[in-house]
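What follows is a set of notes on a single structure, which appears directly below.
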Amino acid sequence: MLAGEFYLASDAELEAERHAASLWMGRFNTSYNLSSTESRALLRDMIGQVGEGAIVHPPFHCDYGYNISLGANVFLNFNCVVLDVVAVRIGDGTQIGPCVQILTADHPRDADARRKGQEFGRPVNIGRNVWIGGGAIILPGASIGDDAIIGAGSVVTRDVLAGATVAGNPARRLDK
């Protein structure tokens, strides 16, 4: 799975890891009254890397948690979903609006492979100081360069250059 090769989500080990993440989400998503220090400590229990000053507002949803890397001063607003079957890296100072979905899970285009339950993942890399508007969807394999802006409700289907502003479905560059 981590190598981006086909895997079966029904694998017992993966099911156990998703269950552990689910139990953690149950605790985290009811943690509204914790201090920022306590909240960050709870994040570090499941998230692979949590930079200094990173803030994630509950509710938050993920598959595994340990494949997520949050840089310093990253902000994720309410109701973010991160399907982290492979690496999701979010750079320092990036701000992510409410209801954003970051998806690494993908499915074969071949119908027979899908029938067998095969899946694969493609990593998502988000640079430093990126602003992602509420309700945006970042699709598997997309990279977003430093200082980029993703408009609210956009669907990012391919890489976004550093400093670019994109919006729409599919997201297209606005600042050429």
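Rule-based calculations on the coordinates, nothing more; no lab input. This is a predicted model, so every value here is computed, not measured. So basically every Cβ, Gly included, is an ideal-geometry build from the backbone, and we count neighbours across all protein chains shown.
Things to note:
- Each Lys and Arg contributes +1 and each Asp and Glu -1, all at the Cβ; summed about the Cα centre of the chain, the dipole is approximately 480 debye.
- Seen from a random direction on average, the alpha-carbon convex hull of the chain projects onto 9.8 square nanometres.
- Distance (nanometres) between label positions extended 7 Å along Cα→Cβ at ASN33 and ALA16: 3.5
- Its residues counted as N, the stretch 29-106 yields a C-alpha radius of gyration over 2.2 N^0.38 Å of 0.98.
- Distance from the stretch 1-73 to the stretch 140-171 (C-alpha centre basis), Å: 24
- Only helices enter the 222 nm calculation for the chain: every DSSP H run of n ≥ 4 contributes -39,500 (n - 2.57), and dividing by all residues gives -5000 deg cm²/dmol, rounded to 500.
- Ascending count of other beta-carbon atoms within 10 Å, so fewest first, for HIS61, HIS107: HIS107, HIS61
- Look at THR157, THR37, THR30 and count the other Cβ atoms within 10 Å of each Cβ; fewest to most, that gives THR37, THR30, THR157.
- Each Lys and Arg adds +1 at its Cβ and each Asp and Glu adds -1 at its Cβ; summed about the Cα centre, the stretch 18-92 shows a dipole of about 100 debye.
- Top positive-direction residue, dipole computed over the stretch 7-173 with Cβ charges, set GLY127, ALA20, ALA148: ALA148
- Only beta bridges with both residues in the stretch 7-173 are counted; by DSSP, about 15 percent of them are antiparallel.
- Neighbour-count order for VAL74, VAL156, VAL81, fewest beta carbons within 10 angstrom listed first: VAL81, VAL74, VAL156
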